Amino acid sequence: MMDSKYRKYYLLSLAATLAAAFYPLYMGVRVLTIMAQNGAVPVEEYPKYIIPYTPIAISVMIAVLLMPLFQRLSEKLDLLYGSVAALGVFAICERLMETKILVETQELVPLESWQMALCYVPPEQYRTRTWEAVDVLLGGYSPAFKIHFYLISLVIILSMLNCIYGFGRMIHSGNYKRKKALTIQAVTSASFLVMCIWACFTAFYRSGELTVSPLSAFLMALFFALLGITMGMFVGSFTLEKGRVLAEFIPAFVAVLTTIFMYIGEMILLSGNLYRFGNVFLFEGLGKLILAPADILIILASGGITLLLCRCLSRLAFSPKK
C-alpha cells in the first residue's frame, strides 16, 4: 500500500515539476534552435532570463526523476544525493549557456554579459536608455555580479527538492514528524518562485536608475526578505527536534545571512551602490555603511519572521502530548 502511494506521489511530483519547468525549458529549446540556425540570438528574440532559470529547471527535473534511485540508496541521505546531483547539473548547464550562447546587439556578446545588462534595465529599454559616462550602472562586465544569481538558484533548488524529497520520504516511511515544517517550506518556496517569475517579466519595474519607485521598492524588499525566509525554513525543517535554541535561532541566523549575501550581490552588481527607495534618512546609507536603515530592517525582518515561524513549529513539536 505504501509503495503504491509512493509511486503515485512520484509520478505526480514528476508531472508537476515538468509543468512548472515547461516555460524555462521551452525558452532553452527556443534559444538553442535560434543559435543553430543563425549562430546568435537577436535581442528581440531573446526570452527573458534564460539563465539561471533554464538550468534550474533542468537540474530539478533530473533530481526528481532520480528520486526513487536516491531513496533506495539511502533514505536518510536521499536529499543530499539529489541536491548534489542537481547542483552539479545546474553548474554545468549554467556555464555552457553563459559562454556558448551569443546575443546579437550592436555586436555579439556572450549571454552572461547580456544578462548583466538586463539586471539594470528591462530588455525593451536597453537600446533607448541614455547611458551616461558618469552613470554608476555603466561599469564593465564582472563575473562577480552573478553572486546573487547563484544564490537565488541555490535557494530555489534546495527548497524545492527539500519539499519534494521530504514529502516523498514521509509517504515512503510513514513518519510525518516534518509535515508542518515542510508545509511551511512549500509555501515559502512557492511564494519565492512566484516572485522570481514576476521579476523575470518585469524586473520589478526598474527603469535603470538607482532611485526606484515605491512599487519597485516594495517588491524588491519583499523579494529580499522572502529569499532569506525560504532558506531559513530550509534549515528549520531539519533542526525542528534539536532543542528550541537550535530549532529557532539557527534558521533565523541563516535567513539573515542569506539576505545579507543578496545585498552583497547587489552591491557588486551596482559597483558598490544599492537601489534607493527615496532621499530621506530611512533610505540613505549610514556613513561608510552602504546599507540604509530600510535595508537593515529588511534583513532583520527576514530573520524575525523566520524566528517566529520556527518558534511556532518548535512549540508544536515540544508541547505535551494529550
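Every read-out reported here was derived from the displayed coordinates using simple, explicitly stated rules and does not represent laboratory data. Quick caveat: nothing in here was measured; it's all calculated off a predicted structure. Here the Cβ positions follow ideal geometry from the backbone for every residue, glycine too, while neighbour counts run over all protein chains shown.
Below, the figures for the structure above:
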item: Alpha-carbon gyration tensor eigenvalues x 5, square-rooted, for the range 249-318, Å; result: 29, 13, 8
item: In order through the range 68-76: 3J(HN,Hα) via Karplus (6.51 cos²θ - 1.76 cosθ + 1.60), integer Hz, x for Gly, Pro; result: x, 5, 5, 6, 6, 5, 6, 5, 7
item: Sites matching trypsin sites (Lys or Arg not before Pro) across the range 21-92 that sit in DSSP coil, with at most 13 neighbouring C-beta atoms within 10 Å; result: Lys76
item: The range 95-104 - phi-based ³J(HN,Hα) in whole Hz, Karplus 6.51/-1.76/1.60, Gly and Pro as x; result: 5, 4, 5, 4, 9, 9, 8, 10, 10, 9
item: Table column - 3J(HN,Hα) (Hz), the range 247-256, Karplus curve with 6.51, -1.76, 1.60, x for Gly and Pro; result: 5, 10, 7, 5, x, 5, 5, 5, 4, 4
item: Out-of-range pairs (alpha-carbon distance over 18 Å; input Lys8/Lys180; Lys146/Lys288; Lys5/Lys180; Lys5/Lys242; Lys8/Lys76; Lys177/Lys242); result: Lys8/Lys180; Lys146/Lys288; Lys5/Lys180; Lys5/Lys242; Lys8/Lys76
item: Amide H contacts of Leu291 (H built 1.01 Å from N, under 5 Å, at least 5 apart or other chain); result: Leu286
item: In the range 165-199, chymotrypsin sites (Phe, Trp or Tyr not before Pro) in a DSSP loop with at most 16 other beta-carbon atoms within 10 Å; result: Tyr176
item: Amide H contacts under 5 Å for Thr211, placed H, 5+ residues apart; result: Arg276
item: Sequence-distant residues sharing a close amide H with Leu102 (under 5 Å, placed H); result: Val41
